[in-house]
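> One structure coming up, written as structure tokens, with questions to follow.
The values are calculated or read from the model by the stated rules, or taken from the named source; none is laboratory data. What you see is a predicted model; the values in this text were computed from it and never measured. Here Cβ is always computed from backbone atoms with ideal geometry, including for glycine, and neighbour counts include all displayed protein chains.
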Amino acid sequence: MKFSIGLVMSKNHNLVILTFLFSFNSLAEISLPLPGVPIDNSVLENRMKESETRGAFVPGDEFEEVDIKTKKTSVYVPEDAEDAGLDSEVTRREKLKNFGSTVPHSMEGGDSYQRLSNRDLLYQFQGEGSKSFGFYYIQDTYDVSDANGIYNRTYGENVSQAMRGGSVHISYERFWVHDKVFLGWGMNFGVGLSQGKGSFTSSGVSGGQSTTKFSLWTLPLDLGLVFEVPLGNWLKVGVSGGPSAMGLYQHRDDKDNREGGKHLRQVSYGYYGRANLKISMSHFMPSQAVRNLKAYTMTKMYLTLEARMQEFNNFQDDLSITGQSFGLGFAFEYL
């Protein structure tokens, strides 16, 4: 038993000695002073020189100064794709789509930035819109004729309590080419309403006015080609035209829904032409225009002056609607 205890103590004693020697060597390597051991000043001096030339976190790296160049304006954008380290494959259109956000690694290597005013940014949007949405109102000043002159006796300007309310159109356009000129296709859908009292006739001669109220809805649908030319940054002129169809829906208030003649429907094919002058509203509200680009990818807002020509003379009844009229509207271009 005594021999066993002595053997264990001998082994523990050797383990303590080995641990102490290993610790002594490790502390010496990292140049920490040990009790009773003389300090080597040359080692400390070398360590201090190394700490002066090396970075705080990454040894051997040094921070480079970045020259920030700015102008007195509002929104930060990279000054140039190459100078800012942008990938050359990133197109101008893609950068506009990501306006207001930073693509990872897109600023690497950049040494300068530029501030552009909101108005300067608007000039970069020019020619970038690939589609357009709008709505406009057209007065009802078309020429309407029929065999017996019933339309004019019911909805004519000289008829009391008659109303030709005009039509509201919704338009959509898509451009194949959008740069110095715009070329694409477009469609329009409109809704118009005319109302008036019927009239009594005797041997083809108009008599007194009846109490029956007639309502006539016009529903044109257009499909055609669109051609537009910008006149600087503020104006744009455009023309469009093509085939069209118009539906007529008439009802009278003196009959029950189950009676015949309560509702009348007919359709005619024809063609249309449209011309407009677009006035940029974005340049009057540059801050709002920049916000619209960031939120909705909207490149331009326009006030539009409209002119429309149409011809429909293939209804089931002997009726034709032709001529031209004018109106006002709004249009919005998007990337």
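> Could you list, in sequence order, all residues of region 260-302 that are within 30 Å of Gln316 (Cβ to Cβ) and buried (at least 17 other Cβ atoms within 10 Å of the Cβ)?
Ser268, Gly270, Tyr272, Gly273, Arg274
> Val159 passes all but one of (1) without any contact (Cβ under 8 Å) to a residue 60 or more places away in the chain; (2) farther than 23 Å from Ala331 by Cα; (3) exposed (fewer than 15 other Cβ atoms within 10 Å of the Cβ); which number fails?
Result: Val159 passes all but (3).
> Here are the criteria: (1) within 30 Å of Tyr334 (Cβ to Cβ); (2) modelled with pLDDT under 95; (3) buried (at least 16 other Cβ atoms within 10 Å of the Cβ). Tell me which single one Ala245 does not satisfy.
With (1) within 30 Å of Tyr334 (Cβ to Cβ); (2) modelled with pLDDT under 95; (3) buried (at least 16 other Cβ atoms within 10 Å of the Cβ) applied to Ala245, the lone miss is (2).
> Restricting to region 145-187, what's the tally of residues that are among the charged types (D, E, K, R), within 42 Å of the chain's Cα centre (by Cα) and either at pLDDT 85 or above or over 28 Å from Leu223 (Cα atoms) (or both)?
4
> In region 257-313, which residues are within 21 Å of Ala245 (Cβ to Cβ) and free of Cβ contacts under 8 Å to residues at least 24 places away in the same chain?
Selection gives His263, Leu264, Arg265.
> Just one of the numbered conditions (1) modelled with pLDDT under 60; (2) of a type in the set (S, T, N, Q); (3) under 16 Å from Thr299 (Cα atoms) is not true of Ser112; which one?
Only one criterion in (1) modelled with pLDDT under 60; (2) of a type in the set (S, T, N, Q); (3) under 16 Å from Thr299 (Cα atoms) is unmet by Ser112, namely (3).
> Let me ask you something else. On the given criteria, is Ala331 surrounded by 19 or more Cβ atoms within 10 Å (Cβ to Cβ) and out of contact with any Gly (no Cβ under 8 Å at 6 or more places or on another chain)?
Judged against the criteria, Ala331 is not a match.
> Could I ask something else about it? Within region 128-156, which residues are part of a loop (DSSP other than H, G, I, E, B), buried (at least 19 other Cβ atoms within 10 Å of the Cβ) and touching an Asp or Glu at 6+ places or on another chain (Cβ under 7 Å)?
Gly129
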